[in-house]
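Some notes on the structure that comes next.
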Amino acid sequence: MARLAVIGVGRIGGEVAYLASAMGIADDLVLYDSAQDLLRAQVLDLRHTGLDMEISMDTRDISAADVCIFSAGLPRNPSIKTRADLLEANLPATGEVAALLNDFTGILITVTNPMDINNYYLCAKTGIPRERCIGFGGQLDSARFGLALQDRNISGFPFVLGEHGEHQVPVFSRLGKKVGVRQRDEILSELKGASMEVIKGKGGTVFGPALHLTQLVRMILMN
């Protein structure tokens, strides 16, 4: 099938590695994390599933991956108000990852926040063509937009453009009815705070990002 590399196998990275294997999307995994105890535990846990897959922890194998996911770094917590506030904390990790991608020829998906900045940085630093550097966030934001519309009985195609963060742009023009300014502002405020509500309750978002990210990997590999 395909080789999937995951750099950063914490909440989201580890879940994507599992889902991609369980859903038959990838049968060859390359996993890396600077937290070696976590890495070994995740690999062992994956092997205990009994799924038919190869797992490597050798970073040299990243270069031959079809898709590489960058999900390492510090996640948001209730004290971190916006994704942009993670730049100083996560940029060093992004720089370290760039060195692992020197010979990489596949598709890079950046998850680590602030995603847009990190994605641009990796594209510029590694020389990977921009069409092979994808920032993850739009699918998740669009799903949250769809839920907000569903709760208000508004039909139409939920689609969010722009930054994965405070400046995201939900597209109201593709909906089944006109949405007033007050309701637009209400929905936008809800979208901006959607992840923090989860973070406050359970420490981080997992299911939504992991599933949409896995679906993105599947779409790339099927193209």
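The values are calculated or read from the model by the stated rules, or taken from the named source; none is laboratory data. Nothing here was measured: the structure is a model prediction, and the numbers come from that model. In this analysis, Cβ positions are derived from the backbone assuming ideal geometry, glycine residues included, and neighbour counts consider all displayed protein chains.
Would you point out the residue of region 110-136, among those that are of a type in the set (Val, Ile, Thr) and surrounded by 24 or more Cβ atoms within 10 Å (Cβ to Cβ), that is nearest to residue 62 (Cα to Cα)? Here the residue is 110. Among the residues of region 2-37, what is the count of those that are over 21 Å from residue 204 (Cβ atoms), in contact (Cβ under 8 Å) with a residue 60 or more places away in the chain and among the small types (Gly, Ala, Ser)? So the answer is 3. Each residue in region 168-197 was checked for being surrounded by 15 or more Cβ atoms within 10 Å (Cβ to Cβ), out of contact with any helix residue (DSSP H, G or I) (no Cβ under 8 Å at 6 or more places or on another chain) and either over 20 Å from residue 136 (Cβ atoms) or free of Cβ contacts under 8 Å to residues at least 12 places away in the same chain (or both), and 1 of them qualify. Of the strands (runs of 3 or more DSSP E) that lie entirely inside region 1-58, those containing 3 or more residues that are buried (at least 19 other Cβ atoms within 10 Å of the Cβ) span 3-7, 28-32. Would you check if residue 113 is in the same structural domain as residue 59 (by TED's automatic domain parsing), touching a residue at least 12 places away in the same chain (Cβ under 8 Å), touching a helix residue (DSSP H, G or I) at 6+ places or on another chain (Cβ under 6 Å) and assigned to a helix (DSSP H, G or I)? Against the criterion (in the same structural domain as residue 59 (by TED's automatic domain parsing), touching a residue at least 12 places away in the same chain (Cβ under 8 Å), touching a helix residue (DSSP H, G or I) at 6+ places or on another chain (Cβ under 6 Å) and assigned to a helix (DSSP H, G or I)), residue 113 does not qualify. Among the candidates 142, 155, 189, 173, the residue that is within 30 Å of residue 27 (Cβ to Cβ) and either of a type in the set (Ser, Thr, Tyr) or modelled with pLDDT of 95 or more (or both) is uniquely 142.
Among the residues of region 1-24, the one identified as of a type in the set (Ser, Thr, Tyr) and closer than 19 Å to residue 72 by Cα is 18.
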